[in-house]
C-alpha cells in the first residue's frame, strides 16, 4: 500500500472529493438530483437503509437486537446514510477520505451521540481503532457486528485499495459478522489511474477470490456485470468456533 501509484491515487481521491464537497456535496453523494433539500437528502438515506438493511435483517442482525449492535460505514460522505444508521443501530462508526465531507456528516448527526465519524486516509481503518483505544483507555478491542458500504468502492480505481479495506473490515468484525457492500460490476467502464469517479470492476470470480484472501465467505451476490454489484461477505469463524447466533 506504500507504492507511489497508490499514494498518487489517494491524493487524487482526497483532493477531488474535497472539491466535490465544496461544490455540491449532496449531488455528488447522490447524483439522482442536482439540488437536494436537506429533508429530501436525508430522507433518501432512510430509503437506502430500508432497501438494503431493513429488508435484509436475517443476514445483517442474525437474531441480534439492532439497538445492541455496533456497525461501520465506509465512505459516509455528507452523512446521508450515517444519520439513518444512527437511528437504527446502537453505535455507528463511519469514515471518509474527504475532510470536507466529514465536516458535513458531523453536522448531520449532531443530535446522535451514538454516531462517531472520522476523517481517514482512504485506505484503511486505523483511525477507527485508534479512536476506540483512546476513548476507552482499556485493552478491549473494538468488535463490530456489521459493516456496510454503498456507492463508494465503485469510485475507487485501485483494486489494491479496495481489497485492503476488505481485509481491514475483517480485522474488526466479529466471527460470522457480515460486510455488505457494493462495487463496480460493469466491465464496460474505462478505468484510469488518475480518475476518482470510475472505479475498477469485479467479476464474481474476482470477488470470491478476494473474499477468500481476506478471510471471508462470499455467500451471496447480486447484480454481476452491472454498475451496482452487491456482495455479502461473512467473516469466517475460527476452526472449532461458531458464530454467535
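Every number in this text was worked out from the coordinates using simple rules, so none of it is lab data. Just so it is clear, the model here is predicted, and its values are computed rather than measured.
Quote to one decimal, in nm, the extra length available between residue 237 and residue 217 on full extension: 0.36 nm per residue of separation minus the C-alpha distance between them.
Working: separation 20, 0.36 × 20 = 7.20 nm, distance 0.98 nm.
Extra length available between residue 237 and residue 217 comes to 6.2 nm.
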Dividing the mean separation of Cα pairs under 8 Å (6+ apart) by the residue count of the chain yields a relative contact order in percent of 17 percent
antiparallel share of DSSP beta bridges within the chain, to nearest 5, in %, is 40 percent
Listed residues 31, 82, 47; largest mean-square fluctuation, Gaussian network over the chain with Cα springs below 10 Å, found at 31
Summing -39500 (n - 2.57) over every DSSP H run of at least 4 in the chain, dividing by its residue total and rounding to the nearest 500, the 222 nm mean residue ellipticity is -12500 deg cm²/dmol
Largest fluctuation, 182, 19, 51 only, Gaussian network model of the chain with Cα springs under 10 angstrom, belongs to 51
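Suppose the chain between residue 8 and residue 107 were pulled fully straight at 0.36 nm per residue; how much longer would it get relative to their current alpha carbon spacing?
32.7 nm
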Largest fluctuation, 133, 197, 36 only, Gaussian network model of the chain with Cα springs under 10 angstrom, belongs to 133
